[in-house]
1. Which of (1) surrounded by 14 or more Cβ atoms within 10 Å (Cβ to Cβ); (2) in a helix (DSSP H, G or I); (3) of a type in the set (A, V, I, L, M) is the odd one out, the single condition Ile38 does not satisfy?
2. Within segment 242-292, take every residue that is of a type in the set (Gly, Ala, Ser) and assigned to a helix (DSSP H, G or I) and give me the one that is modelled with the lowest pLDDT.
3. Within segment 166-208, which residues are surrounded by fewer than 15 Cβ atoms within 10 Å (Cβ to Cβ), within 19 Å of Leu251 (Cα to Cα) and polar (S, T, N, Q)?
4. So, Gly255, is that one loosely packed, with under 14 Cβ neighbours inside 10 Å and within 20 Å of Asn163 (Cα to Cα) or not?
5. Would you be able to say whether some residue in segment 107-129 is under 17 Å from the mean Cα position of the chain (by Cα) and assigned to a loop (DSSP other than H, G, I, E, B)?
6. Does at least one position in segment 108-119 carry a residue that is surrounded by 13 or more Cβ atoms within 10 Å (Cβ to Cβ) and closer than 28 Å to Leu295 by Cβ?
7. Please go through segment 237-252 and give me each residue that is surrounded by fewer than 20 Cβ atoms within 10 Å (Cβ to Cβ) and under 26 Å from Ser190 (Cα atoms), ordered by number.
8. Mind listing whichever residues of segment 236-290 are among the aliphatic types (A, V, I, L, M) and more than 22 Å from the chain's Cα centre (by Cα)?
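The values are calculated or read from the model by the stated rules, or taken from the named source; none is laboratory data. Note that the coordinates shown come from a computational prediction; the quantities given were computed from them, not determined experimentally. Positions of Cβ are generated from backbone atoms using ideal geometry, with glycine treated the same way; all protein chains shown enter the neighbour counts.
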Amino acid sequence: MEVRNQKYLENKVESFKDELEKFISKSLKEDFSNFSDITREMVENSVMSSGKRIRPLLFSLISLSLGIPRKTVMYVSYGIELSHAFTLVHDDIIDRPSQRRGNPPIFKIAGEEIALLIGDLLLSKSIIPLSQFPRASKFFLEKMCDVIEGQIIDVLWSKGKFNSYSQSEKEKIIVEIQSKKTSSLFRISSVLPAIIFEESNKLKSEKMRKNVSLLRKNLDMFGYHFGLAFQTIDDIKDVEEDKKMNSPNILLTLGKEKTYKLLRSNVSRAERYLSACEETILALSKKGFKYIELLKYLVKEIIGYEKII
C-alpha cells in the first residue's frame, strides 16, 4: 500500500477539518435557533473560537476508519466540540484571561453569570448526539466528571493548598490534574468510536468481540498518553504565563529534565498504542487504512515535541 506524501496528508486533514467546521457552524444555527439572540451569539462565539478541532478530528478519523456512518460521526463530533467549549468558558471564568484566541472571553462580554450559564448549556447540549448510544453516553459523562474534578484540583493548586506538600506529592498531583483535565477529553475522543462501533454492530464471533475489547483498551491508553504529551507541550510553551498566574504547570513542578523525560515517554507510548490500534482496526474494517494514515499524520503533527526542544 502506498504511503502518502506529507503534503497530501496535510491537505486531506485540512479538507476534513473545513468540512467539520462547516458542519459545526450549521449545527449551531439549527440547534440554538429557538434561543434568544444573546444566547445564540454567546454560544457561537464560544464554540467557533474554541480552537483547532483536535478532539473532534481524532474522534472522526478513528470512527471513519471503523466504518461508522459519516452522519453519525459528524453529529457526535459536534457534541464533542460543545463539551470542549464548555471547559474553556468555565476555565476563563476561573482563570480570568484578557483574551481567548485573540478575542475577549465570554465572561468579559456578557458577565460571569451569563458565561457560567452558557457553559452549562453547552455541556447539556453536548450529550444529545450520544443519546442513541447508552454505553457511549455513560463513558462520556464519566470522563466529563473527571475533567471537572481535575479543574477543582487545579483551583486548589492555584490557591496554594498544596504548597506544604512534599516534592514527590506535588509531582503526583500535577500529573493527576493534567491527566484528568486534558487526557480525559482525549480519552473521550479516542474511546467513543470503539463503543459506538460495538453498540451499532452485532458482534457475532468471539474473535470480533475480543478485537473490539482490545481496541477499546488500546484506544483508551492512546488517549491517556496522547493527552499527557499534549498538555506537557502546552505547559512548556506557557511556562512564563503559568508562573505569573500560579497555575499548575508540569515544567515548573518537575523541572526540565524530568519534564522532557515524561514527554518522551508519553509520546512513545501514545505512538505504540496507536500502532496496536491500527492492527486491530484493519482486522475490523476494510475502510481503515486511508483514515489511519491521516490519523497517524495528525498525531505526529500535534505531539511532535522535537519542534520545541
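1. Status for Ile38: all satisfied but (1).
2. From segment 242-292, those of a type in the set (Gly, Ala, Ser) are 247, 255, 265, 268, 270, 275-276, 283, 285, 288; that's our starting set.
Within this subset, residues satisfying the condition of being assigned to a helix (DSSP H, G or I) are 265, 268, 270, 275-276, 283, 288.
Values: Ser265: 96, Ser268: 96, Ala270: 97, Ser275: 96, Ala276: 96, Ala283: 91, Gly288: 88.
Among those that are of a type in the set (Gly, Ala, Ser) and assigned to a helix (DSSP H, G or I), it is Gly288.
3. Selection gives Ser166, Gln167, Ser168.
4. Against the criterion (loosely packed, with under 14 Cβ neighbours inside 10 Å and within 20 Å of Asn163 (Cα to Cα)), Gly255 qualifies.
5. yes
6. If we filter segment 108-119 for residues that are surrounded by 13 or more Cβ atoms within 10 Å (Cβ to Cβ), which is where we start, we get 108-110, 112, 114-119.
After this cut, where a residue has to be closer than 28 Å to Leu295 by Cβ as well, the list is none.
So far as segment 108-119 goes, no, none of its residues is surrounded by 13 or more Cβ atoms within 10 Å (Cβ to Cβ) and closer than 28 Å to Leu295 by Cβ.
7. Hits for segment 237-252 are Lys237, Asp238.
8. Narrowing segment 236-290 to residues among the aliphatic types (A, V, I, L, M): 236, 239, 245, 250-252, 254, 262-263, 267, 270, 274, 276, 281-284.
Once the filter is applied, which keeps residues that are among the aliphatic types (A, V, I, L, M) and more than 22 Å from the chain's Cα centre (by Cα), segment 236-290 yields Met245, Leu252, Leu254, Leu282, Ala283, Leu284.
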